[in-house]
Amino acid sequence: CIPVDANNVGCVVGTSGDHAFFWDHGTFQLGWYFKHEQRAFALNDGFLAAGAVEGKACAWDCLMPSSPGVLDHRLHPIGEALDLNDRMHVVGWSAPAPGAQSVATLWNGRATQLDLNPLAIQVPGETPFVRLTSAIAIDRQDRIAGVGILADGTQRAFLLTPVKPGVPATWFREP
């Protein structure tokens, strides 16, 4: 078993072999009815977990593990949900096909898949990113941390701060 995240209530999610798990003073698997690879990466205080099943980003209600919520995949069908906050704003990466370039992605309350690249406003004087490739963390104020690629091909961390706090629609990229 590899634990990867814990919430403020003392529950844990992680991966054991090819199965994601949720631990709450006893172990059971998330998405146990799937026969393919499952991974859990994050857990919020509302007992919702983010991860992937069969290469598709998913979110689970840990109290009802037999019903995973496959996130919207109309933009890009491949991806992983890497973190979520208590408002069910989920971040990760998505791609149009296996092996294709990934983009930093936000799923806004499971309803809409958004590529963060066109939504991020560059701060004047900042080195421009060619592409934001993965959103790795999101906090309660909807600030998003992740990784992107600069024009010279090097990777660099980014921080996106919402233009309007609490309204995840457009972010400033912090220098």
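The values are calculated or read from the model by the stated rules, or taken from the named source; none is laboratory data. Keep in mind that this is a model prediction, so the values were computed, not measured. Neighbour counts are summed over all protein chains in view; Cβ atoms, including those assigned to glycine, are modelled from backbone coordinates with ideal geometry. Areas reflect the complete protein model, heavy atoms only, side chains present, ligands, DNA and RNA absent. Shrake-Rupley method; radii C 1.70, N 1.55, O 1.52, S 1.80 Å.
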Using per-residue counts of other Cβ atoms within 10 Å, averaged over each peptide, order 138-148, 85-95 from highest down. 85-95, 138-148
Viscosity 0.890 mPa s, 25 °C: Kirkwood-radius Stokes-Einstein D of region 91-139 over Cα pairs, µm²/s: 208
Protection proxy ranking of 50-63, 7-20 - average other beta-carbon atoms within 10 Å, highest first: 50-63, 7-20
What percentage of the solvent-accessible surface of region 92-131, computed with a 1.4 Å probe over protein heavy atoms, is contributed by carbon and sulfur atoms? 59
Ranking request for peptides 36-46, 149-159: highest mean number of other beta-carbon atoms within 10 Å first, then the rest in descending order. 36-46, 149-159
